[in-house]
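Here the structure is laid out as structure tokens; the discussion comes afterwards.
Nothing in this text is a laboratory measurement; each read-out follows from the coordinates by a stated rule. Note that the coordinates shown come from a computational prediction; the quantities given were computed from them, not determined experimentally. Cβ: placed from backbone, ideal geometry, glycine included. Neighbour counts: every protein chain shown.
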Amino acid sequence: MDKKLFRSLILLITYAVVLVAVIVKIDAVTGWLGGVLAAFQPLIIGGVIAFILNRPCNFFARLYEKALPGKAQGAARPLAAATAYLIVAAFVTALVALVVPELTHSIEMFIGNLNAYAANFQELFDWLAAKLELEQLANLDLSAGISDSLKNLLTGALDALTNTLPHLIGMTGVLISGVVTGVISFVFSIYMLSGGPRLTAQCRRLVRAYLPGKAADTVLSVTRLTADTFSKYVNGQMVEACILGSLCFLGMCVLRFDYAPLISVAVGVFALIPIAGAYLGAVLAVLLLVMIDPWQAVWFLVFLVCLQQLEGNLIYPRVVGTSMGLPGIWVLAAVTVGGSLLGLLGMVVSVPLAAVAYTLLKQDLRARTPAPAAEETPPEP
């Protein structure tokens, strides 16, 4: 038997045995992977923070390199990292100081008026059932269901208050663990962000040292494409969500819609999810407003449609850009599959992953399928 064929068969059998073992012991494998991820959690979180802040850090680093003379340019990267962290801290502080009190007030008002809103919704539901001649739904008491939900919620809160000591003991361990993980992650992110170019050069040198030339070029090319795609998408999506939430808040204040802070925050958060986020935010807001006033819900839906058109045609192309280069059907498929596999996280990260796969597939097809030669036209006599 040919040695090459024999080696291929051995590899195939080995892969098959490993795959069967993983499937049979999937619980043990999952537990082991969970333990590994937990051990590397601070490093992963720090890497994510550094990755998100890398683009603004690069921007400030270029400014400092132009402003600082000679040898002082070596401090440009640490100064840029410190500036990026200060801006994020200022933004979070402003968000907590301005948005959180208004959001808390809106939630408290909504909880206080929930019984009246439930009664309004019950009247609307009864009117629709009578108009549509739905006798089976005419006697359905929705307000009782809402009251039961509130009773269950208050019972849970009472249980938490009567068992304060066990809850505090359990939360203390979680709190200490969270603080330690956060501090270590923050330290890791500082090192990664301030020494970003040096770490990138070391990783590039490591890949070239242990992989053949062509394989190293492929790995570095795919890594560069993935990093650029994720960086543009994540930063653009976050900026776009903040802009959309702010515009929604201003528009609701001008048009005097109720619960503007609560609904605007929900619309901005759901905007992080491609395609589906707009519909989820609209459904949540309409369900909330229809309990207050059905006509207000209708006018808000009209306002949100106009805002989505403005966002889709003007804001999104300029903030996120068309750099994804992904057809709409691919985006929809990526969001659907990502949501099915990983839930909310999968819906968020599926689009840049699909964009990377789509770009690599196009490049491979272009390399495998040479462009047709231009037909030679006979010279004119």
Given labels modelled 7 Å from the Cα in the Cβ direction, how far is it in nm from R208 to I184? 3.4 nm
Step through the residues of segment 178-190 one at a time and calculate ³J(HN,Hα) from phi using the Karplus curve (6.51 cos²θ - 1.76 cosθ + 1.60, θ = phi - 60°), rounding each to whole Hz and writing x for Gly and Pro. x, 5, 4, 4, x, 5, 5, 4, 5, 5, 4, 5, 5
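Sort the following peptides by mean Cβ neighbour count (other Cβ atoms within 10 Å, averaged over residues), highest first: 46-59, 354-367, 208-221.
46-59, 354-367, 208-221
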Dimensions (Å) - segment 175-252, Cα atoms, principal axes, largest first: 59, 35, 19
Which peptide among 223-232, 62-71 comes first, and what is the full order, when sorted by highest mean count of other Cβ atoms within 10 Å? 223-232, 62-71
Full-extension gain between W299 and V269, please, as 0.36 nm times their residue separation minus the C-alpha to C-alpha distance. 8.6 nm
Taking 0.36 nm per residue of sequence separation and subtracting the Cα-Cα distance, how much length would be gained by fully extending the chain between V24 and R62, in nm to one decimal? 8.4 nm
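At a Förster radius of 22 Å, what calculated FRET efficiency corresponds to the Cβ-Cβ distance of A75 and L199, to the nearest 0.05? Numbers along the way, then the final one.
Numbers: r = 18 Å, r/R0 = 0.80.
Plugging the Cβ-Cβ distance into 1/(1 + (r/R0)^6) gives 0.80.
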What is the spin-label model distance, in nm, from V283 to A119 if the labels are put 7 Å beyond Cα along the C-beta direction? 3.0 nm
Tell me the Kirkwood hydrodynamic radius of segment 213-361 in angstroms, computed as one over the mean inverse distance between distinct C-alpha pairs. 16.5 Å
